[in-house]
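What follows is a short report on a single structure.
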Amino acid sequence: MNYAGRIETLRTEMQDKGVAGVFLPLDASFEYFTGAKRSTNINTRIRQNSAEYASLLITEKDVVYFNSRLTAMEMMASIGQYPTITRAITFPDADLTGDTFVSACIDFGLKGKTLAHLQDTTSSIVLRLQKDLEAAWVNFDPVVQGMRAVKDSEELALMRKAAEINDKIYSAVFTRLVPGTAVAEIAREIDKLVLSFGADATSFHTSVMNFGPLEGDGYGDRYPVLRRGYTVSFDYGVLYKGYCSDFGRTVFFGEPDGDMVKAHELVMSAQKAGIAAMRAGKVNGEELNLLARQVIIEGGYDEEFTHRLGHGIGKDVHERPFLAEGEKRVLETGMCFTVEPSILLPRRGMLRVEDVVMATPEGGENFNSTSWDLVVIE
């Protein structure tokens, strides 16, 4: 990956906008500009001294890694592997209030300058430097998200592999779809297969949605056991070498009636229409969302399609731009999206499909190959 080239592109934007430094959180954008692995996502917070100031600072001359000593120990042992990082500063255990961070920012000549934050840069960084350094702030999230939206050939190869792993997982778990099996058991099996097929982790919480006559009143209140008369809808993804996939299919337990068959056909037709229209330079996210949605509206299921058509995907499983109302950015070659129309019929079934698709001048290139045919398990 050309990390140095990415940093130079960002610095050009900084110069054009009069920005002396950009503060990135230690997330996917940190990984995007340095190659260093992002902080692990976990279910509970681990608080360390001054951890709210952990960040990557990019200036005209330096790329600086900030973190608390304990959290940074593993990273510091391998810091030489990431040549774009020119300085690494850790906060000593006694520093509970970010004084080391502020002092370093002064040394880098940032006092009184215009700085840039992203959407996920902590408020502690913004407010502290606004107060102590009299810094002005601008939002660079559109700049960084805009860079990340268009994938290069190396990124696309990793995303194709991530999608391929999803297809393999689906084929492997299909044999476990037996009436009487707990839905939670299927989800656990998917999570195990993620690792066995070479991915690093799931890209989000695995969801196996069991919809039918005895489901509860709420969207998330689903029946816990596979049984005849239900649909099982999958929504899962993997993280492979820093890049995400997201996948979905629907399986019927027992032969569906005519209305359910119609709804399934509409969902597949809507996806097909959306993918065909993903011509780079010709359509924006809002227009694509409406085009695919119109297929379902004309089939009589407007209110039952409850979400947007899709979202950008790459180093994060959900990232800009979106295939949704209000998204005006025109698609470019190399942009990747999920295309995931659905129809939700309470106490009857959830009909959904989801693939990762890249925009090209001729239309979308689907990275998945799992069959789109209606599947019935008796």
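Any read-out appearing in this document is the output of simple, stated calculations on the displayed coordinates, not a laboratory observation. Nothing here was measured: the structure is a model prediction, and the numbers come from that model. All Cβ positions, even for glycine, are placed from backbone atoms using ideal geometry, and neighbour counts span all protein chains on display.
Can you compute 3J(HN,Hα) from phi for each residue in the stretch 353-364, using the Karplus curve 6.51 cos²θ - 1.76 cosθ + 1.60 with θ = phi - 60°, rounded to whole Hz and x for Gly and Pro?
9, 8, 9, 9, 9, 9, 6, 9, x, 9, x, x
Rounded, prolate or oblate: which fits the stretch 1-138 when a ≥ b ≥ c are the square roots of the eigenvalues of the alpha-carbon gyration tensor, with rounded for a/c under 1.5 and prolate only if a/b beats b/c?
Oblate shape, in that a/c is at least 1.5 and b/c is the bigger or equal ratio.
How much net charge surrounds Asp316 when only the other residues with a Cβ under 15 Å from the Cβ of Asp316 are counted, with Lys and Arg +1 and Asp and Glu -1?
Here the charged neighbours net out to -1.
Given the -39500 (n - 2.57) contribution per DSSP H run of 4+ residues, what per-residue ellipticity at 222 nm results for the chain, rounded to the nearest 500 deg cm²/dmol? Present the calculation step by step, with values, prior to reporting the outcome.
Values: 10 runs with 128 residues, N = 378.
Result for the chain, helices only: -10500 deg cm²/dmol.
Taking H as built 1.01 Å from N, whose amide H comes closer than 5 Å to the amide H of Thr114, not counting residues under 5 places away?
Amide H to amide H, under 5 Å and 5 or more residues apart or across chains, Thr114 pairs with Ala20, Ala136.
For the stretch 150-377, what is the number of Lys pairs with C-alpha distance below 14 angstrom, counting only pairs 8 or more positions apart or on separate chains?
6
For the chain, with only Lys/Arg (+1) and Asp/Glu (-1) charged at the beta-carbon, what is the dipole magnitude about the Cα centre, in debye rounded to 20?
Computed charge dipole of the chain: roughly 620 debye.
Can you list which of the GluC sites (Glu not before Pro) found in the stretch 309-352 are DSSP loop residues with at most 13 other C-beta atoms within 10 Å? Could the numbers behind the result be given before it?
Details: sites: Glu319, Glu325, Glu327, Glu332; in loops: Glu325, Glu327, Glu332.
Here the sparse-neighbourhood loop sites are Glu325.
Helix 3-17 versus the longest principal axis of the chain: what angle, 0 to 90°, nearest 10, using Cα atoms?
The angle comes out at about 70 degrees.
Taking amide H atoms as placed 1.01 Å from N in the peptide plane, list the residues 5 or more away in sequence, or in a different chain, whose amide H sits under 5 Å from that of Val150.
none
Which order do peptides 223-231, 343-351 fall in by mean Cβ count within 10 Å, highest first?
Sorting 223-231, 343-351 by mean packing, highest first, produces 343-351, 223-231.
What do you get for trypsin sites (Lys or Arg not before Pro) in the stretch 254-287 restricted to DSSP loop and a cutoff of at most 16 other Cβ within 10 Å of the site's Cβ?
The qualifying sites are Lys282.
If packing is taken as the mean number of other Cβ atoms within 10 Å per residue, what is the order of 238-246, 306-314, highest first?
Top to bottom by mean Cβ count within 10 Å: 238-246, 306-314.
With point charges of +1 on the Cβ of Lys and Arg and -1 on the Cβ of Asp and Glu, referenced to the Cα centre of the stretch 150-377, which listed residue (Val150, Ser171, Gln271) lies farthest in the positive direction of the dipole?
In the stretch 150-377, that residue is Ser171.
For Phe204, list long-range residues whose amide hydrogen, built 1.01 Å from N in the peptide plane, is under 5 Å from its own amide hydrogen.
Gly237
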